[in-house]
Amino acid sequence: MPPSFDVRLDDLTGAREELREIVENPGLALSRPDEAPISFLQAPIGASPDAATFFIETFGCQMNAHDSEKVAGVLLGRGYRQVEDLDSAKVVFYNTCSIREKAAQKVFSRLGEYRKHPGHGKIIGVLGCVAQQEGEEIFERAPWVSLVCGSASYSKLPALLAQLEAGNRRVTGLDTDTDETFETEITRRDNPFRAYLTIIEGCNKSCSYCVVPYTRGPERSRSSASVLQEVRKLADVGYSEIQLLGQTVNSYRDPAPRGMTFAELLVAVAAVPGIRRVRFTTSHPRDFGRDIVEAIDSVPALCDHVHLPVQSGSTRVLRSMQRTYSREEYLEKIAIIRSARRPISVTSDIIVGFPGETEEDLADTLSLLDAAQ
């Protein structure tokens, strides 16, 4: 996550107080059993020495990191114990990313290591985007893998593990059209102050280079009531910062009768007592409107940073990418952000060398960077 550079004096003072409290009370961030249900506590590693052990390695974005928190929570709730090294784990999960080729290569490199140790005695699982994209072909490529599970099926992990414990050699969870992706009974939070919260899964955009619609399915938004209920519980146990997540987070559409817009949800989350900072990532230019900027302008707890991927400064290349906006329309969004009363930092993503890109197209991208600053 790029920095938003929105530090204020009250933030620094509060941060010092929070850090001082943890230094003086080192167990505070990990155990507050009298203040909240277990689903919102950080479960300490190594809680049950007799339990089956598991290890998770995560590749990819903030959403994958949060998905690993969900997986850890599901396993802790089933009585497993998380360990910090691969060798002492009975169950090993690789939570994968297929957006970046290097990340996918790393996963198969990790899996290849088991060829050297056929008697490892471990249950090996592949989770996430590579699991969803490759499916059962992973079993052919790495026969020692026992479980392949996409992000929409993490709540089913206990049942899948039970099948393996019952003697099944290979199990899969590859549904992409379920809302259960938002709900796990326990989420292990790895940061004592900032909590990730997925508000929309999947994507309905059809960018020509992107695999997300195929690995995470169509867009499914979580109800505003469910989001705000979880934010309140997180605030009750001491979280002061919320980061709302989605492949296209600002495409959020509240399925509840209340029908909150994304901007309205931002304001509502920031209004929860105890929440001092609210961030969000990643936005799509097509759905980015003035109301989001107005919300940031009017609510100090909304961090003054927008990550708005443009991918190319050439309208011709953008059409080839199927990005649904032109260079001029993107710069109009930037103008809206720059017109805010608060200075809002803007970051972006750029693809260079897209098939068919010319020197003129690249020059358009470089000039857009200058124009957008």
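Some observations on this one:
- Options Ser367, Ser345, Ser339; residue that is among the hydroxyl-bearing types (Ser, Thr, Tyr) and within 20 Å of Arg286 (Cβ to Cβ): Ser339
- Looking only at the range 140-157, and only at residues there that are open to solvent by less than 10 Å² (accessible area, probe 1.4 Å) and hydrophobic (A, V, I, L, M, F, W, C), the one that is nearest to Leu245 (Cα to Cα): Ala152
- Of the set (1) touching a strand residue (DSSP E or B) at 6+ places or on another chain (Cβ under 9 Å); (2) surrounded by fewer than 17 Cβ atoms within 10 Å (Cβ to Cβ); (3) more than 28 Å from Val227 (Cβ to Cβ), all apply to Thr365 but (2).
- Verdict on Thr215 being among the hydroxyl-bearing types (Ser, Thr, Tyr), modelled with pLDDT under 80, crowded, with 19+ Cβ neighbours inside 10 Å and closer than 30 Å to Lys116 by Cβ: yes
- Looking only at residues of the range 200-209 that are surrounded by 17 or more Cβ atoms within 10 Å (Cβ to Cβ) and touching a residue at least 60 places away in the same chain (Cβ under 8 Å), we find that the one that is farthest from the chain's Cα centre (by Cα) is Cys207.
- If you go through the range 214-226 and keep only what is within 15 Å of the chain's Cα centre (by Cα) and without any contact (Cβ under 8 Å) to a residue 60 or more places away in the chain, you end up with Glu219, Arg220, Ser221, Arg222.
- Criterion (touching an Asp or Glu at 6+ places or on another chain (Cβ under 8 Å) and surrounded by 12 or more Cβ atoms within 10 Å (Cβ to Cβ)) met by exactly one of Thr315, Thr347: Thr315
- Breaking point among (1) open to solvent by 10 Å² or more (accessible area, probe 1.4 Å); (2) part of a loop (DSSP other than H, G, I, E, B), for Arg279: (2)
- Residues that are open to solvent by less than 20 Å² (accessible area, probe 1.4 Å) and of a type outside the set (Phe, Trp, Tyr), drawn from the range 262-276: Ala263, Leu265, Leu266, Val269, Ala270, Val272, Ile275
- Cross-chain or 6+ apart pairs with Cβ under 9 Å, the range 237-264 first and more than 21 Å from Glu294 (Cα to Cα), then of a type in the set (Lys, Arg) and assigned to a loop (DSSP other than H, G, I, E, B): Val237/Arg32; Val237/Arg189; Gly238/Arg32; Tyr239/Arg189; Ser240/Arg276; Gln247/Lys205; Gln247/Arg216; Pro255/Arg222
- Residue check for Ser146: among the hydroxyl-bearing types (Ser, Thr, Tyr), more than 19 Å from Val74 (Cα to Cα), at pLDDT 90 or above and in contact with a helix residue (DSSP H, G or I) (Cβ under 8 Å, 6 or more places away or on another chain): no
- Matching entry among Ser224, Ser240 (being at negative phi and in contact with a Leu (Cβ under 7 Å, 6 or more places away or on another chain)): Ser224
- Residues in the range 234-258 that are among the aromatic types (Phe, Trp, Tyr) and in contact with an Asp or Glu (Cβ under 9 Å, 6 or more places away or on another chain): Tyr252 alone.
- Residues of the range 239-261 satisfying the condition of being open to solvent by 30 Å² or more (accessible area, probe 1.4 Å), of a type outside the set (D, E, K, R) and over 19 Å from the mean Cα position of the chain (by Cα): Pro255, Pro257, Gly259, Thr261
- Test: residue in the range 235-242 that is β-branched (Val, Ile, Thr) and modelled with pLDDT of 95 or more: yes
- Unmet requirement for Asp297, which otherwise passes all of (1) surrounded by fewer than 22 Cβ atoms within 10 Å (Cβ to Cβ); (2) under 29 Å from Ser151 (Cα atoms): (2)
- When residues of the range 333-373 are limited to those that are of a type in the set (Ser, Thr, Tyr) and assigned to a helix (DSSP H, G or I), the one farthest from Cys203 (Cα to Cα): Ser367
- Close pairs from the range 65-79: first touching a residue at least 60 places away in the same chain (Cβ under 8 Å), partner part of a helix (DSSP H, G or I), Cβ under 6 Å, at least 6 apart: Asp67/Ser151; Lys70/Tyr154; Val71/Tyr154; Val74/Leu157; Arg78/Pro158
- Search result, residues across the range 307-332 that are farther than 19 Å from Asn204 by Cα, in contact with a Phe, Trp or Tyr (Cβ under 7 Å, 6 or more places away or on another chain) and either among the hydrophobic types (A, V, I, L, M, F, W, C) or assigned to a helix (DSSP H, G or I) (or both): Val317
The values are calculated or read from the model by the stated rules, or taken from the named source; none is laboratory data. Keep in mind that this is a model prediction, so the values were computed, not measured. In this analysis, Cβ positions are derived from the backbone assuming ideal geometry, glycine residues included, and neighbour counts consider all displayed protein chains. SASA here: full protein model, heavy atoms, side chains in, ligands and nucleic acids out. Shrake-Rupley method; radii C 1.70, N 1.55, O 1.52, S 1.80 Å.
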